[in-house]
1. Total Lys pairs in the chain closer than 22 Å by alpha-carbon, pairs eight or more apart in sequence or interchain only?
2. If you build a Gaussian network model of the chain, linking Cα atoms that sit under 10 Å apart, which residue out of 122, 104, 82 swings the most?
3. Taking springs between alpha-carbon atoms closer than 10 angstrom, which of 98, 151, 46 fluctuates most in the Gaussian network model of the chain?
4. How many nm separate the modelled label positions at residue 13 and residue 56, each set 7 Å beyond the Cα in the direction of the Cβ?
5. By its C-alpha gyration tensor, with a ≥ b ≥ c as the square roots of the eigenvalues, how is the chain shaped: rounded for a/c under 1.5, else prolate for a/b larger than b/c, else oblate?
6. Among 143, 152, 12, which one moves the most in a GNM of the chain with springs linking Cα atoms closer than 10 Å?
7. Mind listing the phi-derived Karplus ³J(HN,Hα) values for segment 41-51, rounded to whole Hz, using 6.51, -1.76 and 1.60 with θ = phi - 60°, and x for any glycine or proline?
8. Chymotrypsin sites (Phe, Trp or Tyr not before Pro), restricted to segment 94-199: which are DSSP loop and have at most 11 other Cβ atoms within 10 Å?
Amino acid sequence: MAPTPERFAKIMRVLQKRQPTLTVLMDEVNKPHNLSAIVRTCDAVGVLEAHAVPPKGGKLAEFEGHTYDATSGSAHKWVKVTKHADAISAVRKLQGRGFQVLATHLSQRSVDYREADYTRPTCVLLGAEKWGVSDEAADAADMNIIIPMFGMVQSLNVSVAAATILFEAQRQRLAAGMYGTPQLAPHELAALAFEWGYP
Ligand code: SAM
């Protein structure tokens, strides 16, 4: 069924603000409500495609379909999540595509997340609830970032950390005018408009 003119206008408005050069890599984030909340934030800031390494022990195929709960608010329909076998190869692949990878790492060498330049093609690497980002993945990243914490608890929930960082990226990109002109090539925008309009 053809979308109504209002629906199609909304699809175009959203696609014109999509940021193909901003993404996240979720490394074994294993709770569906966290994954759903992160994908929902991705949709809100305009992430076109997110990346995930499914939790160990699970099969890649099983990851699909069991992953999202109501927390996503259907955002997973509008943000493609590409799966990877492991964090290091995913980091290398994204760097090969020109992304700087910023690992959220709770260590001394990490810099305040606001110091990063999110107008560059950027992937934010997020860690598992129990273990965080591995030292190997943090070493493979271009920079390690941290949200300063002054409380008794050492870390934030991963979806809260993702939102904090992605909205800083949105702030910087808004200031740089990156939401003012489409970041998608015209043919990509047209293809996605068709895909979204005629699911
Ligand atoms: N024990 C884990 C560790 O040492 O990394 C804690 C993991 S934390 C619950 C889950 C994820 O949330 C982290 O891997 C990171 O991606 C993100 N996160 C939590 N607090 C953060 C902070 N203060 N700065 C940056 N990222 C944070």
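None of the figures in this text is laboratory data; all of them are computed from the coordinates on show. Not measured: the values here are computed from a predicted model. Glycine gets a Cβ as well: all are built from the backbone with ideal geometry, and neighbour counts include every protein chain shown.
1. Close lysine pairs under the 22 Å cut-off: 22.
2. 82
3. 151
4. Distance between label points: 4.6 nm.
5. Working: a/c = 1.79, a/b = 1.40, b/c = 1.27.
Because a/c hits 1.5 or more and a/b exceeds b/c, the chain counts as prolate.
6. 152
7. So the J values, rounded to whole Hz, are 5, 4, 4, 5, 8, x, 5, 7, 9, 10, 10.
8. Working: sites: 99, 113, 118, 131, 150, 167, 179, 194, 196; in loops: 99, 118, 131, 150, 179.
Of the chymotrypsin sites (Phe, Trp or Tyr not before Pro), the ones in loops of segment 94-199 whose Cβ has at most 11 other Cβ atoms within 10 Å are 131, 150.
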